[in-house]
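The values are calculated or read from the model by the stated rules, or taken from the named source; none is laboratory data. All figures in this text were calculated on a predicted structure; none of them were measured in a lab. Backbone-built Cβ (ideal geometry, glycine too); neighbour counts: all protein chains shown. The area values use the complete protein model at the heavy-atom level, side chains included, leaving out ligands, DNA and RNA. Shrake-Rupley method; radii C 1.70, N 1.55, O 1.52, S 1.80 Å.
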Amino acid sequence: MRLSIILTSAGLLLHSANAVEHVVIAHRGASGYLPEHSLVAKAMAHAQGADFLEQDVVLTKDGVPIVLHDIHLETTTDVAAKFPSRHRADGRFYAIDFTLIEIKQLTATQRVDPKTRLPAYRQRFPINGYSYRIHSLEEEIRFIQGLNSSTGRAVGIYTEIKQPTFHQVEGQDITRIVCELLSRYGYGTRKGEACWIQCFEQTALRRLRTEFGWRGNLMMILGGKKKGADGTDYDFLSMPAGMREVAAFADAIGPGIDRVVTWDQQGKPYVSDFTRDAHAAGLQVHWGVVRVDDLPENCPSLDSLHEALFIGARSEGGFTDFPDLTVNWLKAHCLR
Ligand code: CA
């Protein structure tokens, strides 16, 4: 076992470098630098050394899984200008009301506030700087496999099934469709392969195991205080008894950073028992989301954040909008 001596603000620490495999997941691609889920953002994250690239997936009207964070289209596309009459009574434009051919006609950009049309992150890539077409999950799998082929790297995919209960109400089984597509590309056969499926609804993850025979990696994402659409109780699943339940069907648990570490007003970190409890249950911890331009409350620096997550909490890794910064931090601390 390789041992590294790491100088941290807490003092000297002996760290076993190969006891924990550290995982850097590019959150919607290198979304801190380029529009979320664009293929250029995926290519950048691939080049920056991310281990996995994330895909959020929803279905079109014709049942095609596309890479889109929201079930709505107006926060990242010009749907309101191209199809002004196609909103529902709530004023929103749902991806599931549009065919793939229609969605391919849309221009997608950096995320905006749908009411003000101002960017969600003003200091990031400009709204008018670059536009792209929304692509299918299958196109992204081919894109990543192509990059792996041309670079000789083995970057994995990390697919989130978005809102299975919503899709079910709309008459679509997104869990089955995504599972079938990933299986066609050879995923879902074993733990340790370069593919994860994640979801906020435990019902979908349980179905993958029991109904569809998925043998690959699964990650249970924890939301906030409110329960999931399928009744998933995130506060319960964040406790040891709940974690043991998760471990019966999943390999990792995905907390918000605030469940793992918080900072006091002096900028001192307090690491919770979350990771210790998860490891005791047999789960890896994949937190989200690291953003250098949107640090947690009272967190003084990106360095403090990375140190608390990787060294303080000894977590395996997580989602970052800035894959290069997380990769470089791990390298600088001999953790990669
Ligand atoms: Ca996601």
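Return yes or no: is A229 at negative phi, aliphatic (A, V, I, L, M) and assigned to a loop (DSSP other than H, G, I, E, B)? Yes: the conditions hold for A229.
Taken together, the criteria place G213 among residues that are open to solvent by 20 Å² or more (accessible area, probe 1.4 Å), assigned to a loop (DSSP other than H, G, I, E, B) and closer than 19 Å to P164 by Cα. From the list T320, T262, the lone residue that is within 16 Å of the ligand (Cβ to nearest atom) and modelled with pLDDT of 95 or more is T320.
Give me the residue from the stretch 36-64 that is within 14 Å of the ligand (Cβ to nearest atom) and assigned to a strand (DSSP E or B) and, out of that set, surrounded by the fewest Cβ atoms within 10 Å (Cβ to Cβ). Filtering first and then ranking leaves D56. Looking across the stretch 145-165, the residues that are open to solvent by less than 40 Å² (accessible area, probe 1.4 Å) and either under 20 Å from E211 (Cβ atoms) or not in a helix (DSSP H, G or I) (or both) come down to V155, G156, I157, Y158, T159, E160, I161, K162, P164, T165. Checking the stated criteria, G228 turns out to be surrounded by 15 or more Cβ atoms within 10 Å (Cβ to Cβ), among the small types (G, A, S) and farther than 28 Å from K42 by Cα. If the condition is being open to solvent by less than 50 Å² (accessible area, probe 1.4 Å), outside any loop (DSSP other than H, G, I, E, B) and more than 15 Å from E21 (Cα to Cα), then the stretch 313-328 contributes T320, P323, D324. Note on the stretch 19-35: among residues that are of a type outside the set (G, A, S), closer than 16 Å to V292 by Cα and touching a His at 6+ places or on another chain (Cβ under 8 Å), the one that is nearest to the ligand (Cβ to nearest atom) is R28. Tell me, please, whether a residue that is more than 18 Å from G216 (Cα to Cα), outside any loop (DSSP other than H, G, I, E, B), at pLDDT 95 or above and over 19 Å from the mean Cα position of the chain (by Cα) can be found in the stretch 170-191. No - not one qualifying residue is present in the stretch 170-191.
Residues in the stretch 290-312 that are surrounded by 18 or more Cβ atoms within 10 Å (Cβ to Cβ) and within 16 Å of the ligand (Cβ to nearest atom): V290, R291.
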